[in-house]
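The values are calculated or read from the model by the stated rules, or taken from the named source; none is laboratory data. The structure displayed is predicted, hence computed values, not measured ones. Backbone-built Cβ (ideal geometry, glycine too); neighbour counts: all protein chains shown. Heads up: the accessible areas ignore ligands, DNA and RNA and are worked out on the full protein's heavy atoms, side chains in. Shrake-Rupley method; radii C 1.70, N 1.55, O 1.52, S 1.80 Å.
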Amino acid sequence: MASAEAKIHKITLEDNVHASTLFGEQNKHLRQIAHTIDIEIHARGTTVTLKGDAISIALAEKLIRNLYALVEEDYPLFPSDIDYAINILSNNDRVNLKEIFLDTVYITSKKRPIAPKGLAQKKYIDAIRKFDIVFGIGPAGTGKTYLAMAMAVSYLTTHQVNRIVLTRPAVEAGEHLGFLPGDLYEKVNPYLRPLYDALHDMMNYEKAARLIQQGAIEVAPLAFMRGRTLNDAFVILDEAQNTTSEQMKMFLTRLGFTSKAVVTGDITQIDLPEGRVSGLVETKEILQHIKGIAFVDFFKADVVRHRLVQDIIEAYEQGK
């Protein structure tokens, strides 16, 4: 990006070991930053030289200083974290990344910390801690279900609840569960697969299976929630855009004492028959002013999957 108007700015970091970790093996992290921000970056010792336009230099410096502060806290820096950090600071350069990335929700069986990767995720986690009913609404890939699962497992393992209940409406196949072969778990498994995937990503298979067998983790189709009262539980309703008004009301009134409920969904992906109103859409209109209930909205900018997912979502939006 060499040009007559390009500016040069130098940053000197304090510790050689931390600087080396930040730069990455053979400076791969710096190359990633340079490519994404469209700036030239060179490192020598603990000094980083930035060359580009003033706005890009300001963003790169803010990014490098924030990432360095994370590394000082022994944060395991991954390439994806750099993408998330650039996205966050591009939208709000006053953010302190430590307040987001170091807010560990749960540490998996593989010793990998699960923490927010953006402002919306941080707001979501804080809302779950503060409120008993939280709605996370937005596109796929924003971490709504995954973070809810992490919070649920954290609450269970620290004995803040006695069980986790995972539920999801089964509408995609257009069949009634009673006519499907097998017992309850075999019937609902295909619909709850994403929740299982998230659960097994956080704890080993044997432990998860044991907790399910003991009833500490329960999976059930939404239809089987009717008539129950869920005390001392962390309840997750996934794919809530596919609930009817009656199903949503039924679910929300199942909540018992010392319980939490997290409802996730994407109102752009409703699979209900034509003419049926989504319970999730209706709920946002009816309940958003009730104290003790929080609504957290996610947008395509909050996608934390492969960087192409955000582009795919945007392309579909433009194509409509």
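The table below lists the values:
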{"read-out": "For the stretch 1-112, convex hull volume per residue from C-alpha positions, Å³", "value": "101"}
{"read-out": "Summed residue charge, Cβ within 15 Å of ALA208's Cβ, Lys/Arg positive, Asp/Glu negative", "value": "+1"}
{"read-out": "The stretch 1-101: trypsin sites (Lys or Arg not before Pro) falling in loop per DSSP and having at most 12 other Cβ within 10 Å", "value": "ARG94"}
{"read-out": "Lys, Arg +1 and Asp, Glu -1 on Cβ, resulting dipole of the stretch 230-320 about Cα centre, debye, nearest 20", "value": "280"}
{"read-out": "Charge sum, other residues only, whose C-beta stays under 15 Å from GLY292's C-beta, Lys/Arg counted +1 and Asp/Glu -1", "value": "+2"}
{"read-out": "Modelled FRET efficiency - R0 25 Å, ILE312 with LYS111, Cβ distances, 0.05 increments", "value": "0.20"}
{"read-out": "Relative contact order (%) - the stretch 36-136, alpha-carbon pairs under 8 angstrom, separation at least six", "value": "17"}
{"read-out": "Table column - 3J(HN,Hα) (Hz), the stretch 100-105, Karplus curve with 6.51, -1.76, 1.60, x for Gly and Pro", "value": "9, 5, 9, 7, 5, 8"}
{"read-out": "Selected from VAL17, VAL48, VAL153 as most flexible by GNM, with the chain as the system and alpha-carbon contacts under 10 Å", "value": "VAL17"}
{"read-out": "Among VAL296, LEU211, THR145 the positive-end extreme of the charge dipole of the chain (Cβ point charges)", "value": "LEU211"}
{"read-out": "Between helix 205-214 and the chain: long-axis angle, C-alpha atoms, 0 to 90°, nearest 10", "value": "30"}
{"read-out": "Accessible surface of the chain [probe 1.4 Å, protein heavy atoms]: carbon and sulfur percent", "value": "51"}
{"read-out": "Max mean-square fluctuation residue, GNM over the chain, Cα-Cα springs under 10 Å, options MET203, MET248, MET149", "value": "MET203"}
{"read-out": "Residues of the chain: accessible area per residue with a 1.4 Å probe, Å²", "value": "52"}
{"read-out": "Candidates THR108, THR142, THR158: whichever shows maximal mean-square fluctuation once the chain is modelled as a Gaussian network with Cα springs under 10 Å", "value": "THR158"}
{"read-out": "Local electrostatic count at GLU40 - Lys and Arg +1, Asp and Glu -1, tallied over other residues with Cβ under 14 Å", "value": "+1"}
{"read-out": "Heavy atoms of ILE8: accessible area, 1.4 Å probe, square angstrom to 10", "value": "110"}
{"read-out": "Computed over the chain: relative contact order in percent, which uses C-alpha pairs under 8 Å that are six or more apart", "value": "18"}
{"read-out": "Helix 144-157 vs. the chain, principal-axis angle (Cα, 0 to 90°, nearest 10)", "value": "80"}
